[in-house]
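We did not get these values from a lab; they are worked out from the coordinates using the rules stated. Worth saying up front: this structure is predicted, and the values here are computed from it rather than measured. Methodologically, a virtual Cβ is constructed for each residue, glycine included, from the backbone with ideal geometry; neighbour enumeration extends over all protein chains shown.
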Amino acid sequence: MDHNVPRAVTTGLRLRGVDVLTAYEDGTSEIDDSELLDRSTELERVLFTRDDDLLSEAVYRQRSGKGFCGVVYGHQKRVSIGACINDLEMIAMIGKPEDLKNQILYLPL
């Protein structure tokens, strides 16, 4: 989870048994979007964001061929917290990080 994700999303996923790591917990909440995407790739974790700037960085990487582990994006005003939790749980339960390598997945599904 990047630092723009509401705590309710993280809590809701954890209550459902989903393994979640936040940027705060990883000590990376103050780094820029490019570095955060590098860090999630290093950890082999898909990054969930509601941040348009981080989405732009992921699009740039797709176009330039610079790899990343994957990004799931949910717009802050168009996707509710409940919808984020439901869709992210489904992604976590049926997918693997390699399924989203160099991909951007948009919520709602």
Which entry in [x] 17.5, 61; [y] 14.2, 46; [z] 12.6, 38 matches Rg and Dmax of the Cα atoms in Å derived from the coordinates of this structure?
[z]
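Exposure proxy check: Leu109, Leu36, Leu55 ranked by fewest other beta carbons within 10 Å?
Numbers: Leu109 12, Leu36 22, Leu55 17.
Fewest to most other Cβ atoms nearby, the residues stand as Leu109, Leu55, Leu36.
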Given 16 as the ceiling on other Cβ atoms within 10 Å, longest exposed-site-free region of the chain for trypsin sites (Lys or Arg not before Pro) in DSSP loops
17-65
Tell me which residues come under 5 Å, amide H to amide H, from Phe48 once H is placed; ignore anything under 5 positions away on its chain.
Asp2, Val72
So, counting K/R as plus one and D/E as minus one, what does the shell of residues with Cβ under 11 Å around His75 add up to?
+1
Residues Thr11, Thr41, sorted so that the one with the fewest Cβ neighbours within 10 Å comes first:
Thr11, Thr41
Once you put a point 7 Å from the Cα of Asp99 and another 7 Å from the Cα of Ser64, both along the Cβ direction, what distance in nm separates them?
2.9
Measure off 7 Å from each Cα along the Cα-to-Cβ vector at Leu21 and His3, then give the distance between these two points in nanometres to one decimal.
1.8
Sum up the charges of everything whose Cβ sits under 15 Å from the Cβ of Gly12, counting Lys and Arg as +1 and Asp and Glu as -1, but leave Gly12 out.
+1
